[in-house]
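Worksheet: the structure to be examined is printed underneath.
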Amino acid sequence: MTGIGTKLRHTLVLVTTTISTLLTPHPAEAQHAPFSVGCGFRHVNPDHHEGATGLYTHCADSFILIRVDTADGSYHTCVSPWGSRRFFPSGRVNNAYYVPIRPRLLTASDGRQICSVTQPPA
């Protein structure tokens, strides 16, 4: 190959490796990443999701608040970094989406932050 072809090939390998590294969760995060495709809310097949009919997947290193719309109203819930929330038929969830409100967090005895059981109102 010519010098330009070799440089181009090396550049493409470098770019591909860099993108792959950025998109691959760190080992500590990998255990929290769900085995599903996509981020955000989606309806899912309960046969493949332990009975859940909806799933919200959060794909970032931050805690977020999501609004969950149900047939009976709405509520907010916190999602941890790289976490997910399953919604079952009894919850009658229609949709769930990120809202730009800071979630309430607690600091555990070991110093880790966790979602509080109570969250700001919907």
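Distant-in-sequence amide contacts of residue 83, defined by a placed amide H-H separation under 5 Å and a gap of 5 or more residues or a different chain, comprise 58, 60. 3J(HN,Hα) along region 112-122: 6, 8, 9, 5, 6, 5, 9, 10, x, x, 6 Hz, from the Karplus curve 6.51 cos²θ - 1.76 cosθ + 1.60 with θ = phi - 60°, whole Hz, x for Gly and Pro. Our coupling estimate for region 79-88, obtained by passing each phi through the Karplus curve with A = 6.51, B = -1.76, C = 1.60 and θ = phi - 60°, is 10, 6, x, 6, x, 8, 10, 9, 10, 9 Hz, Gly and Pro reported as x.
The length gained by stretching the chain between residue 116 and residue 62 to full extension, at 0.36 nm per residue less their Cα-Cα distance, is 18.0 nm. Take each peptide in 55-66, 107-118, count the other Cβ atoms within 10 Å of every residue, and average; sorted highest first, the result is 55-66, 107-118.
Taking the simple approach of a point 7 Å from Cα along Cα-to-Cβ for both residue 90 and residue 104, what is their distance in nm? It works out to 2.4 nm between the two label points. Give me the net charge of residue 87's neighbourhood, meaning all other residues with Cβ under 11 Å from the Cβ of residue 87; Lys, Arg count +1, Asp, Glu -1. So the environment of residue 87 carries a net charge of +3. Would you please state which residues of region 74-108 a label at residue 43 would reach in this model, taking the label point 7 Å out along Cα→Cβ and a backbone N cut-off of under 13 Å? Only 89, 92-96 fall inside the zone, counting backbone N under 13 Å.
Here the dipole of region 40-115 is about 200 debye; that uses its Cα centre as origin and unit charges on the Cβ of Lys and Arg (positive) and Asp and Glu (negative). Ranking 81, 107, 44 by how far each Cα lies toward the positive end of the dipole of region 40-115 (charges on Cβ) leaves 107 at the top.
Readers should treat all values here as calculations from the given coordinates under stated rules, not as data from a laboratory. Remember, it's a predicted structure, so these values are computed and weren't measured experimentally. We place every Cβ from the backbone using ideal geometry, glycine too, and count neighbours over all the protein chains shown.
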